[in-house]
């Protein structure tokens with residue numbers, strides 16, 4: 001039995017599946033299923049790697065330059081998790097993002113070491129081909145998406161900005177720009193068969209396939225343009241410059257393929273320029289748009305098409321403006337958690353404690369930001385100085401790994417990639433350029449599962465490519481092994497099965513949770529509760545499951561209250577509050593849970609008047625977690641109003657307006673309360689402010705002014 005061959009198959013499945021997999025019945029279609037695949041395959045690789053070590057009676061591990069930086073980085077993440085404001089989030093990642101939690105990082109590092117210790121040079125070339133095939137499939141779907149194949153499925157305008165199997169345009173763009181340099185080298189190293197030979201044998205399909213490597217970079221570039229990702233295009237520019245400069249230097253140093261490289265440079269840049277002109281870029285119009293504008297004698301540039309995508313991706317307030325605010329908040333988090341941060345992947349909790357008040361004035365003022373939209377500031381905020389320094393050192397050493405190889409087999413101490421054969425050196429340059437693009441795209445965004453896979457495994461590819469081929473393939477027999485070896489195999493198999501079982505439970509619990517969310521507006525209240533209870537049995541420490549269950553109990557309580565069944569209404573309202581308390585205990589810094597508790601208190605106060613006090617308490621707790629969140633102050637003011645505490649309602653509304661001067665609802669509520677107090681002058685000022693500066697067509701405001709003037 002060839003254990004190494006089985007490990008190769010698992011890596012092949014990993015590289016093919018992760019970019020493509022999605023599943024419509026989980027709460028998050030893309031990233032969640034991709035990370036589950038990573039968990040499952042990593043577990044199986046560990047099993048086979050350990051099995052191989054047991055059968056060969058030695059720990060199979062090959063050293064590399066990255067070992068110590070990776071261990072230091074891992075140590076920083078472990079410490080940050082231990083001191084985290086939300087340990088579970090730090091372990092698994094923020095729910096709906098998943099990538100970046102400690103467990104995912106452990107998996108990526110295991111995959112790196114497993115690859116370096118078990119793979120050979122020829123294996124790496126085959127893996128590169130699999131990545132290109134997977135990217136091609138996703139790209140073809142992306143092209144079809146641009147032309148409307150699934151336009152009625154998504155809320156987003158996918159024809160305007162495609163995301164194919166990645167779930168978000170910038171995520172797809174990050175993957176594409178990391179793969180494009182590799183696809184170019186694949187084209188340069190491929191040979192087109194003799195045309196006469198092809199025609200003679202009538203193998204026209206093979207003739208077409210022989211040209212496929214040449215057109216792959218163009219296909220990927222076209223789909224990149226369809227994503228309209230600014231960070232993606234910037235990443236490609238960085239990758240492109242470094243790639244062609246280093247490739248030319250390699251050809252000069254080795255006096256090899258210089259004309260082919262020059263020809264490739266000219267052809268690809270000519271094709272890229274043509275398609276950029278036809279399709280347009282994030283900064284320039286397409287040819288058709290230019291012609292249309294001229295025909296209409298329009299001089300000014302047309303605004304970009306509206307989408308449902310957040311402004312940090314496109315639209316809304318200036319993405320630059322929003323980034324500055326979020327980045328300032330990230331720096332403030334770091335200043336308050338300077339050593340180890342607030343905890344791995346806890347930005348959604350810590351940011352709101354230090355969120356700049358100016359965030360209230362942008363179009364996405366009430367969005368929940370669970371990432372800093374800058375990988376480096378995200379690390380700084382969540383893992384502190386130790387985390388960001390170890391991460392930056394890791395990046396520097398990875399870049400050195402692309403340049404210098406410590407090579408015992410060759411008898412040389414250091415080998416520059418210029419001294420590798422041209423084909424190997426070109427692969428190294430391509431992956432170094434792809435890695436450089438990841439560094440750029442991460443500056444304007446954050447890493448996701450597929451891109452992180454390349455971040456950690458491109459260096460592994462290069463380490464293996466730089467080696468001379470060593471030992472022969474070994475086949476292992478399970479017959480002539482000692483009892484100690486058998487015991488070891490049984491133990492590792494048992495723990496792997498247990499791990500696979502818990503991963504499967506975690507995945508299925510999410511399916512049940514998503515099913516319950518889908519039942520929210522269907523009227524199937526009992527079925528919704530049953531589905532959530534089943535999810536909680538499978539994953540009893542997931543705070544958002546309890547949060548959703550509390551909402552379900554609230555809906556049932558309100559339904560019974562409408563039916564005048566006060567006893568059952570009270571029972572389910574009490575269940576709702578006891579359940580939301582469990583959610584709070586599991587994740588005390590989760591602002592969404594606190595908001596939901598306040599909402600429940602307000603809604604259920606018709607059943608039991610004292611619940612309004614719970615709402616008030618929850619809102620005050622929320623303000624302690626997010627002291628600049630204008631909506632919390634607004635809801636608190638309405639709660640005071642319900643409690644007939646008019647003075648506090650007015651005072652809180654003033655604070656709300658101070659935080660968000662353009663808050664129309666707050667100004668309107670303030671005006672109405674002032675009218676009730678008899679302060680017509682200030683009420684008129686507030687209503688006029690709305691009409692003059694916020695919404696000149698607001699019917700309610702106009703009606704209120706008319707009634708005042710009667």
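The table that follows gives values for the structure above.
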| item | result |
| --- | --- |
| Flag if residue 97 is under 30 Å from residue 347 (Cα atoms) and buried (at least 16 other Cβ atoms within 10 Å of the Cβ) | yes |
| Unique residue being surrounded by fewer than 17 Cβ atoms within 10 Å (Cβ to Cβ), within 17 Å of residue 506 (Cβ to Cβ) and at pLDDT 95 or above when the list is 25, 92, 30 | 25 |
| Leading residue by the ranking (nearest to residue 588 (Cα to Cα)) among those in segment 609-621 that are more than 35 Å from the chain's Cα centre (by Cα) and surrounded by fewer than 18 Cβ atoms within 10 Å (Cβ to Cβ) | 613 |
| So residue 51, is it within 18 Å of residue 452 (Cβ to Cβ) and crowded, with 22+ Cβ neighbours inside 10 Å | no |
| Hey, residue 674 modelled with pLDDT under 95 and in contact with a helix residue (DSSP H, G or I) (Cβ under 8 Å, 6 or more places away or on another chain) or not | yes |
| Which listed residue, of 251, 273, is at pLDDT below 90 and at negative phi | 251 |
| Search result, residues across segment 671-697 that are free of Cβ contacts under 8 Å to residues at least 24 places away in the same chain, in a helix (DSSP H, G or I) and surrounded by 13 or more Cβ atoms within 10 Å (Cβ to Cβ) | 682, 685, 686, 687, 688, 689, 691 |
| Out of 532, 499, sole residue that is modelled with pLDDT of 95 or more and either surrounded by fewer than 13 Cβ atoms within 10 Å (Cβ to Cβ) or within 30 Å of residue 55 (Cβ to Cβ) (or both) | 499 |
| Whichever residue in segment 346-375 is within 14 Å of the chain's Cα centre (by Cα) and assigned to a helix (DSSP H, G or I) and, among such residues, is farthest from residue 392 (Cα to Cα) | 348 |
| Unique residue being surrounded by 18 or more Cβ atoms within 10 Å (Cβ to Cβ), at pLDDT 95 or above and either out of contact with any helix residue (DSSP H, G or I) (no Cβ under 9 Å at 6 or more places or on another chain) or assigned to a loop (DSSP other than H, G, I, E, B) (or both) when the list is 80, 43, 84 | 84 |
| From 552, 583, 576, 598, residue being farther than 21 Å from residue 639 by Cβ and modelled with pLDDT of 95 or more | 552 |
| Of residues in segment 618-650 being without any contact (Cβ under 8 Å) to a residue 12 or more places away in the chain and outside any loop (DSSP other than H, G, I, E, B), the one nearest to residue 332 (Cα to Cα) | 624 |
| Boolean, residue 381 is crowded, with 19+ Cβ neighbours inside 10 Å and modelled with pLDDT of 95 or more | yes |
| Sole exception among (1) surrounded by 24 or more Cβ atoms within 10 Å (Cβ to Cβ); (2) outside any loop (DSSP other than H, G, I, E, B) for residue 127, by number | (1) |
| Tally of residues being free of Cβ contacts under 8 Å to residues at least 12 places away in the same chain and not in a loop (DSSP other than H, G, I, E, B) across segment 1-39 | 1 |
| Some residue of segment 318-336 being at pLDDT below 95, part of a loop (DSSP other than H, G, I, E, B) and under 23 Å from the mean Cα position of the chain (by Cα) | yes |
| Residue ID - farthest from residue 449 (Cα to Cα), chosen from residues in segment 146-171 that are buried (at least 20 other Cβ atoms within 10 Å of the Cβ) and either free of Cβ contacts under 8 Å to residues at least 60 places away in the same chain or touching a strand residue (DSSP E or B) at 6+ places or on another chain (Cβ under 6 Å) (or both) | 158 |
| When residues of segment 281-293 are limited to those that are loosely packed, with under 12 Cβ neighbours inside 10 Å and within 16 Å of residue 160 (Cα to Cα), the one modelled with the lowest pLDDT | 288 |
| Selected residue [surrounded by 12 or more Cβ atoms within 10 Å (Cβ to Cβ) and closer than 20 Å to residue 161 by Cα] from 252, 278, 261, 267 | 278 |
| Neighbours by Cβ (under 7 Å, 6+ apart or cross-chain): first from segment 375-386, more than 11 Å from residue 330 (Cα to Cα); second outside any helix (DSSP H, G or I) and at pLDDT 95 or above | 383/340; 383/341; 383/344; 385/338; 385/339; 386/339; 386/340 |
| Residue 631 being within 18 Å of residue 354 (Cβ to Cβ) and within 34 Å of the chain's Cα centre (by Cα) | yes |
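Rundown of residues vs (1) touching a residue at least 24 places away in the same chain (Cβ under 8 Å); (2) assigned to a helix (DSSP H, G or I); (3) within 20 Å of residue 90 (Cα to Cα); (4) in contact with a helix residue (DSSP H, G or I) (Cβ under 9 Å, 6 or more places away or on another chain), yes/no style:
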| position | (1), (2), (3), (4) |
| --- | --- |
| 510 | yes, yes, yes, yes |
| 526 | yes, yes, no, yes |
| 530 | no, yes, no, yes |
| 555 | yes, yes, no, yes |
| 571 | no, yes, no, yes |
| 576 | yes, yes, no, yes |
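The values are calculated or read from the model by the stated rules, or taken from the named source; none is laboratory data. Model, not experiment: these values are computed from the prediction. FYI the Cβ positions are ideal-geometry reconstructions off the backbone, even for glycines, and counts take in every protein chain you see.
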